[in-house]
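Notes to accompany the following structure.
No value in this document is a laboratory result; all are computed from the given coordinates. A quick note: this is a predicted structure, and the numbers were derived from the prediction, not measured. No Cβ is skipped: glycine too gets one built from the backbone with ideal geometry, and neighbour counts run over all protein chains shown.
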Amino acid sequence: MELRQYLAIVGRWSWLIILSIIIAATASFLASKSATPLYRTNTTLMVGRIIQDPDPNSADLYTGQQLAYTYSQLVRREPVLKGVIDSLGLPMTWEELANQVSANNVPQTQLLEISVIDNDAYRAKVVADEIAQQLILQSPSGPSDITQEQLAFTQSQITDLREKILQAQQEEIHLKQELDAANSALQIQDLQNQINVLETKISGWQDTYSKLLLTLEGGDINALTVVSEASIPSRPISPNVSMNVLLAVVIGLILAVGGIFVIEYLDDTIKTSEEGARVTGLPILGSINRIHGDNDHDKLVAVHEPLSPVVEGFRVLSMNLQYSSNGEPPRSLMITSPDISDGKSLSLANLAVVMAKGGLKVIAVDADLRKPTLHKIFNLQNTYGLSDQFLPLNPGVSEHLQITGIENLQILSAGPLPPSPAELLGSARMTSLIDELKSQADIVLFDTPPCLLVADSSLLGTQLDGAVLVFQAGRTSTKDARRAVEEFRRVNVNLLGMVLNTQNSRHGDGYKYYNYYNESDSGSKRKVRKKIQKAPLQYFERNKLESVSDQKLVTRIKNFTFRFYRRDKDTPNSEELLQNNNEDRPIFPLFTQVLDDPDDITSQPKDSSNQ
């Protein structure tokens, strides 16, 4: 698929994408707002006193980093956390508290960072500080098990050693002075021996003094001190509403687009006229927007709503058919579809009306001798019709043509259903009947059964000037469309092109026409046109009129209806027409003129001789 086709798919499903994004964003926002806020705070510890050493060595640095990692693993262990729970009286187990605590040593340093997450900002601070204290208690920095007596003895030993060291250092200085003043070798040798013995004593006393100090104060490397205490967090770290909503939008967009392409992959139906042309290789003759109505007759929009964008689509189809052949326009044309309910009969009926209004003499033939529909669309009888033409004694096709009330348009209904329709449509009599109908009209339109269900269309299509395939958007599969084309080409049916029925107006040319039409007309004119185009004449007679302008509309309708029926000399005046509610043929209020000024209405009917 090309990029343009991908973009077309996204555009066609844009409503689903927007809906998914809105639902995802709304759900995420509501969930985030209802979630319990969580707070996080940190306490930082230093392992050792290396920064206080003016000349640290690499061994001490390495040992301090290893100790920092060891303490980070100890933070979430039972001894430390149980001490926190017992100290603060927390109503939880140490395992539950462990889920709220994390620790890590800052890389390449001796710093240890302890983090606590809680739904209470103050409790998070207290727990973080208490964990630091409990960790210090587990280290040599904490209070030892030395008794007061041992502590006093150690302190006295330290004091005594300090005095001995000072006295020995003074004595050493005195001996060195005597050594400098000595003259005899014996005296010099004796003083040097005394100095060496004294230095040995001083060195031993200094080592003992250092060890006693470490016993009281702890070691320089394996010592814990608090660098920064935990603070009370002012903002929760969760939920992050904006981030959650943004993430939900992205996820919703991905899921929607992914779901759309999965649906498109699984759905092989034709959705656009361009896709239909690409699948079948047929030219696009027209795209018809969705037709609304309660029944088949209401969907005859070419009569009821001649200015609607749907009818404009049929006008485009009519024009394209006139130029679909290299030579003259087709005189006999078959409208069919691959399957039932594709809208072929309705398309033929509206196309016939548009062609008739365009000045062509049109005969619409219901050649669907299995499930005829045209007579229902035009509100006609089906007591006689096409099937009667195959009887030995038939009155002729002219006697069976029915007048629709639309100028230039006649209908040949199907008539009684025969037992073998395919044999009739493929007979020599059908060929002569086609020629007879072509002699009475500019174009003859044939409605046939679905081409993939029965052979009627193929048999009839070989005798006509051309055929048009009608596909229904979102229903006709690409497989059926290809099969229909192959079926007709196998028997040399002249396929003029394809029509996509029930296309979404947002993606068709009719939408542009609809905008143009609505932008160019005022609201009052559209209201007038709608009343004239859609409502039967009796509506204005039987209902209370809203204003004087509506009363003028009734007069105008009478004038148009009078002039229309006077052409056939069937009705002497409009009043008799209004009173006759049992007409054999229906009343079609056809108004091809544009009512530019609703107030410019003549109150008296005009004489038909002046038309």
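Here are the numbers:
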| quantity | calculated |
| --- | --- |
| Compactness of region 283-515 - radius of gyration and Dmax, Cα, Å | 16.4, 55 |
| Computed lengthening from Gln192 to Thr36, 0.36 nm per intervening residue step minus Cα-Cα distance | 48.1 nm |
| Interchain or long-range residues, amide H under 5 Å from Ile443's placed H | Lys361, Ile363 |
| Derived scalar couplings ³J(HN,Hα) [region 43-48; Karplus, 6.51 cos²θ - 1.76 cosθ + 1.60; whole Hz; x for Gly, Pro] | 10, 10, 10, 10, 9, x |
| Cα Rg, Dmax, region 148-217, angstrom units | 16.0, 54 |
| Karplus (6.51, -1.76, 1.60) ³J(HN,Hα), θ = phi - 60°, over region 132-137, in Hz, Gly and Pro reported as x | 4, 5, 5, 5, 5, 5 |
| Pair Thr109, Gln138: separation of 7 Å Cα→Cβ label points (nm) | 2.2 nm |
| Positive minus negative residues near Pro421 (Lys, Arg vs Asp, Glu; Cβ under 15 Å) | -3 |
| Per-pair calculated FRET efficiency, R0 = 60 Å: Gln5 and Leu391 via Cβ, rounded to 0.05 | 0.65 |
| Extent along principal axes [Cα atoms of region 354-435; Å; largest to smallest] | 35, 25, 20 |
| Distance in nm between pseudo-label sites at Gln155 and Ser102 (7 Å out along the Cβ direction from Cα) | 4.6 nm |
| log10 of Debye I(q)/I(0), alpha-carbon scatterers only, for region 1-140 at 0.17, 0.22 Å⁻¹ | -0.93, -1.23 |
| Amide H within-cut-off set for Asn42, under 5 Å, with H built and near neighbours excluded | Ser231 |
| Stretchable slack from Arg278 to Glu95, in nm (0.36 nm times residue separation minus alpha-carbon distance) | 59.3 nm |
| Pair Ala428, Ser231: separation of 7 Å Cα→Cβ label points (nm) | 10.7 nm |
| Kirkwood Rh, Cα atoms: Rg over Rh of region 213-315 | 1.59 |
| Added length on full extension, which subtracts the Cα-Cα distance from 0.36 nm per residue, Asn240 to Leu16 | 78.0 nm |
| Backbone HN-Hα couplings from phi across region 370-384 [Karplus 6.51/-1.76/1.60, Hz, Gly and Pro as x] | 10, 9, x, 9, 4, 5, 6, 5, 9, 6, 10, 7, 10, 6, 9 |
